[in-house]
Amino acid sequence: MRQTFNKDERLKSKKIIEELFKKGQNLYAYPLLLKYLPIEHPGNFPVQIAFSVPKKKIKKATQRNRIKRQLREIYRQHKNDLYTHVDKKIAIILIFIDERAHNFVELEEQFLFLLKQLERKKIT
């Protein structure tokens, strides 16, 4: 599978995002919070994902954008690991919850930890 991040993989539906915040389950690995929910969506990809860095936590837009770029890159590099364990379609939102930026390696370690937790939950 190609390691790209297509437009169809992005979670953009306000309806699904609202449902994800209301009914979704949480997985936590500081400084990341992963909310997930099994969904029905007509798409070629088993996972739709969104990334969030709250303005309340990270004030400067340049820092928020950098963190989101890092999270997208980490997901792009490791999405094949997630896809091998996914049986049904799920929506995910990955939220950065710290007040300071972290380096790429720290974020990657925590993301991989979240993937392992998600695999253990047997949702995938």
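When you look at Lys68, is it at pLDDT 90 or above and either of a type in the set (A, V, I, L, M, F, W, C) or surrounded by fewer than 19 Cβ atoms within 10 Å (Cβ to Cβ) (or both), yes or no? Yes.
Take the residues of region 81-96 that are farther than 20 Å from Lys23 by Cβ, in contact (Cβ under 8 Å) with a residue 12 or more places away in the chain and surrounded by fewer than 16 Cβ atoms within 10 Å (Cβ to Cβ): which is farthest from the chain's Cα centre (by Cα)? Among them, the one singled out is His85. In the set Gln63, Gln77, only one residue is closer than 25 Å to Asn6 by Cβ and among the polar types (S, T, N, Q); that residue is Gln77.
Counting only residues that are exposed (fewer than 15 other Cβ atoms within 10 Å of the Cβ) and assigned to a helix (DSSP H, G or I), how many does region 1-48 have? Final tally of qualifying residues: 9.
The residue that is farthest from Ile39 (Cα to Cα), counting only those in region 99-112 that are at pLDDT 90 or above and either crowded, with 16+ Cβ neighbours inside 10 Å or in contact with a Leu (Cβ under 7 Å, 6 or more places away or on another chain) (or both), is His102. State which residue is nearest to the chain's Cα centre (by Cα) when the search covers only region 53-80 and only residues that are over 19 Å from Leu115 (Cβ atoms) and in a helix (DSSP H, G or I). Ranking the qualifying residues of region 53-80, first place goes to Arg69.
The values are calculated or read from the model by the stated rules, or taken from the named source; none is laboratory data. This structure is a prediction, so every number in the text was calculated from the model and none was measured. Neighbour counts are summed over all protein chains in view; Cβ atoms, including those assigned to glycine, are modelled from backbone coordinates with ideal geometry.
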